[in-house]
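Laboratory data are not the source of any read-out in this text; all were calculated from the coordinates shown. This is a predicted model, so every value here is computed, not measured. Glycine also receives a Cβ, built like all others from the backbone with ideal geometry; neighbour counts cover every protein chain displayed.
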Amino acid sequence: MKILTIEPEHCTGCMRCELACSYEQVGLYQPSKSVIRVAALEAHSSYAPFTCNQCAEGWCMTACPVDAIGISVAGAKVVSADQCVGCKLCTIACPYGTVFYDADSAKAVKCDLCGGDPACARACPTAAIQYLDGTAQDWLGEFASERGQRDLQAASDTP
């Protein structure tokens, strides 16, 4: 099975992934419509893209009261716009904050892996985002832990 892998240390913050995603999702170069976001860290000296990692738990699916989230052929948890009632419970349930609410459609939106050919991975010039064979993993937890330890060390070294 293929998964979207993210290596934040390779991200330059160019935001091509956001532009490619928004164009794929809604046909516009409008990052606010993207389901991948680039977070600026450490006063914009480093960046980290984040999107749905298609976790095994599927908290968004469990929280949906109308079963509007299913699994696609590509293995992505996808929101059926026809079934979604816009209650936002999936956005609250997602521990990664990667299910978004689109005010224009009044529906939840999230990464659907572009049907198995993610635009964000194709657009990334540094291979910070890749679509590779593998199993889903929690990259964010390890990244946040390492970053937190480094920040704590730096704070303790400051007089």
Orphan Cys of the chain, criterion: no other Cys C-beta under 4.7 Å: 11, 14, 21, 55, 64, 84, 87, 94, 114, 124
Counted neighbours (other Cβ, 10 Å), sorted fewest up, put 98, 12, 91 in the order 12, 91, 98
Taking other Cβ within 10 Å of each residue's Cβ, how do 5, 135 sort, fewest first? 135, 5
Could you check the simple spin-label distance between residue 26 and residue 80, using points 7 Å along Cα→Cβ, in nm with one decimal? 2.4
Quick one: 112, 133, fewest Cβ neighbours within 10 Å first, how do they rank? 133, 112
Which of 123, 93, 40 ends up with the largest GNM mean-square fluctuation for the chain, with Cα atoms connected below 10 Å? 40
Ellipticity estimate at 222 nm from DSSP helix runs (n ≥ 4, -39,500 (n - 2.57)) divided over the chain, nearest 500: -8000 deg cm²/dmol
Under a straight-distance cross-link criterion of Cα-Cα below 18 Å, which lysines are reachable from residue 107, leaving out those fewer than 8 residues away in the same chain? 33, 77, 88
